[in-house]
């Protein structure tokens with residue numbers, strides 16, 4: 001599969017639809033106060049770098065890094081098209097994001113994901129990439145619906 005990963009083009013209407021599908025997928029998994037995904041507007045802030053994976057002219061995945069503090073960023077908006085899951089797309093996006101962070105001298109990446117079964121594949125992906133459980137970070141607080149993980153680069 002020929003996969004290209006590039007910075008997001010926020011004028012692409014397919015991007016908005018892809019990101020809305022992400023929010024729609026997450027909606028039934030937890031109460032609103034436990035869902036921390038950014039919407040299209042939140043991903044367009046200067047402290048966020050959104051990347052898009054494309055294959056055959058279609059968006060097949062996204063991933064973002066959001067600045068928490070100097071040298072510490074948060075992984076956000078990781079999503080693979082449900083029809084393309086299990087093909088290594090998320091691993092490629094995650095590797096790309098980590099490489100980008102290292103190139104900018106980021107020292108730590110943290111993330112919040114769900115504690116429910118729906119998120120088990122994501123937690124396994126992050127663990128394989130060297131992320132380990134941690135305490136809440138940034139403005140996050142303890143939440144039984146959340147798992148917090150971090151990785152030192």
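Nothing in this text is a laboratory measurement; each read-out follows from the coordinates by a stated rule. All of these numbers come straight from a predicted model, not from anything done at the bench. Glycine gets a Cβ as well: all are built from the backbone with ideal geometry, and neighbour counts include every protein chain shown.
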Output for region 129-152, where each listed residue is loosely packed, with under 13 Cβ neighbours inside 10 Å and either free of Cβ contacts under 8 Å to residues at least 24 places away in the same chain or within 17 Å of residue 79 (Cα to Cα) (or both): 132, 133, 135, 139, 141, 142
Considering only residues that are surrounded by fewer than 22 Cβ atoms within 10 Å (Cβ to Cβ) and touching a strand residue (DSSP E or B) at 6+ places or on another chain (Cβ under 7 Å), look in region 79-88 and name the one that is farthest from residue 17 (Cα to Cα). 84
Could you figure out which of (1) surrounded by 13 or more Cβ atoms within 10 Å (Cβ to Cβ); (2) closer than 24 Å to residue 16 by Cβ; (3) in contact with a helix residue (DSSP H, G or I) (Cβ under 9 Å, 6 or more places away or on another chain) isn't true of residue 93? (3)
Given the conditions (1) over 22 Å from residue 123 (Cβ atoms); (2) in contact with a helix residue (DSSP H, G or I) (Cβ under 9 Å, 6 or more places away or on another chain), and given that residue 71 satisfies all but one, which numbered condition is not satisfied? (2)
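Do we have residue 60 as closer than 23 Å to residue 153 by Cα and in contact with a helix residue (DSSP H, G or I) (Cβ under 9 Å, 6 or more places away or on another chain) here?
no
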I'd like to verify a number: residues in region 112-124 that are assigned to a helix (DSSP H, G or I) and touching a residue at least 40 places away in the same chain (Cβ under 8 Å), how many? 3
